[in-house]
Amino acid sequence: MELSESIKTLNFVELLEFQPNRYPFLMIDFVTEYEPGVFANGFKNLTNNEWFFPVHFQGAPNMPGALQLEAMAQMLTVAITTLPGNKGKVTHALSHKVRFRKEVFPGDCLRIETKVISWKRGVCKGVGKGFVKDELVCDAEMLITIPDIFEKYLPKK
Amino acid sequence: MSNIGKIENIFRQEFNLDEKFDLKTLTYQSIPEWDSVGHMSLVASLEDEFNIEMEMDDIIDLSSYEVAVKTLVKYGVE
């Protein structure tokens, strides 16, 4: 299959231009491929040094589900912030429906695949899946927004 | 079903309003369900139902049920 010329990667430094979250809340390390407005895939490597492992939980470290969801939402964000005019824009979550299937441990690589279902007027509906060693560990339906755009369409009170 | 009936149905379904609720009194943010997210969902449902794409100014001005009915006339929904 011939890949579209628009499919690109983002390393950790390049990623920062399109994802406004920063340590300790940036939950993705690398975007292995993306197509603006269509999809973004990549991963988060989890070492034993992650800030949350010592407290979640002592003696039984695993990645909090909320942060797995955050990782998927951040990856989906990249699919939108790479669209022309959206670079550097802040995104907000509107609603998410998520299912956690397996625990994610220190040493795991959380591979994330996200797809845009619709993007209109600053609102993105999308889906995401997280995998460890090709096993599905979490998946979500997500609604995220870029308030800068979204708010332009709201009635004035 | 008439178009006005379809519009009414969309408003009632989007905002969980029963038949007793007088839609003529309904305005943006007058009920918790018609918030910013509800507004975008309402617009999307109206567009899907009538196969139209509303202009930005009309979406901003669509601040009540009655305005919605009038605005949709512009798109051939009467």
Out of A:Pro84, A:Pro147, sole residue that is farther than 30 Å from B:Leu26 by Cβ and not small (Gly, Ala, Ser): A:Pro84
Region A:108-122 - residue that is charged (D, E, K, R) and not in a strand (DSSP E or B) and, of those, surrounded by the fewest Cβ atoms within 10 Å (Cβ to Cβ): A:Arg121
Residue within region A:134-142 that is within 14 Å of chain B (Cβ to nearest Cβ), buried (at least 21 other Cβ atoms within 10 Å of the Cβ) and touching a strand residue (DSSP E or B) at 6+ places or on another chain (Cβ under 7 Å) present: yes
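Listed here are the residues, each with its yes/no results for (1) surrounded by 16 or more Cβ atoms within 10 Å (Cβ to Cβ); (2) more than 14 Å from chain A (Cβ to nearest Cβ); (3) of a type outside the set (A, V, I, L, M).
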residue: B:Ser2; (1), (2), (3): no, yes, yes
residue: B:Glu8; (1), (2), (3): yes, yes, yes
residue: B:Phe11; (1), (2), (3): yes, yes, yes
residue: B:Asn16; (1), (2), (3): no, yes, yes
residue: B:Leu23; (1), (2), (3): yes, yes, no
residue: B:Thr27; (1), (2), (3): no, no, yes
residue: B:Asp35; (1), (2), (3): no, no, yes
residue: B:Asp48; (1), (2), (3): no, no, yes
Of the criteria (1) part of a loop (DSSP other than H, G, I, E, B); (2) surrounded by 14 or more Cβ atoms within 10 Å (Cβ to Cβ); (3) of a type outside the set (Ser, Thr, Tyr); (4) modelled with pLDDT of 95 or more, which one A:Lys89 fails: (4)
Lone qualifier among A:Lys120, A:Lys125 - being within 14 Å of chain B (Cβ to nearest Cβ), touching a Ser or Thr at 6+ places or on another chain (Cβ under 6 Å) and basic (Lys, Arg): A:Lys125
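Residue by residue, here is whether (1) of a type in the set (S, T, N, Q); (2) surrounded by fewer than 15 Cβ atoms within 10 Å (Cβ to Cβ); (3) more than 9 Å from chain A (Cβ to nearest Cβ) holds:
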| residue | (1), (2), (3) |
| --- | --- |
| B:Ser45 | yes, no, yes |
| B:Met54 | no, no, yes |
| B:Asp61 | no, no, no |
| B:Lys74 | no, yes, yes |
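Residue by residue through region B:32-78, note down the ones that are of a type in the set (S, T, N, Q) and touching a Ser or Thr at 6+ places or on another chain (Cβ under 7 Å).
Once the filter is applied, which keeps residues that are of a type in the set (S, T, N, Q) and touching a Ser or Thr at 6+ places or on another chain (Cβ under 7 Å), region B:32-78 yields B:Ser63, B:Ser64.
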Cβ-Cβ under 7 Å pairs, at least 6 apart or on other chains, region B:56-78 side in contact (Cβ under 8 Å) with a residue 40 or more places away in the chain and assigned to a helix (DSSP H, G or I), far side of a type in the set (Lys, Arg) and surrounded by fewer than 18 Cβ atoms within 10 Å (Cβ to Cβ): B:Tyr65/B:Lys24; B:Glu66/B:Lys24
Output for region B:53-74, where each listed residue is over 13 Å from the mean Cα position of the chain (by Cα) and closer than 17 Å to B:Asn9 by Cβ: none
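The values are calculated or read from the model by the stated rules, or taken from the named source; none is laboratory data. Only a predicted model underlies this, so the values are computations on that prediction, with no experimental measurement involved. Cβ: placed from backbone, ideal geometry, glycine included. Neighbour counts: every protein chain shown.
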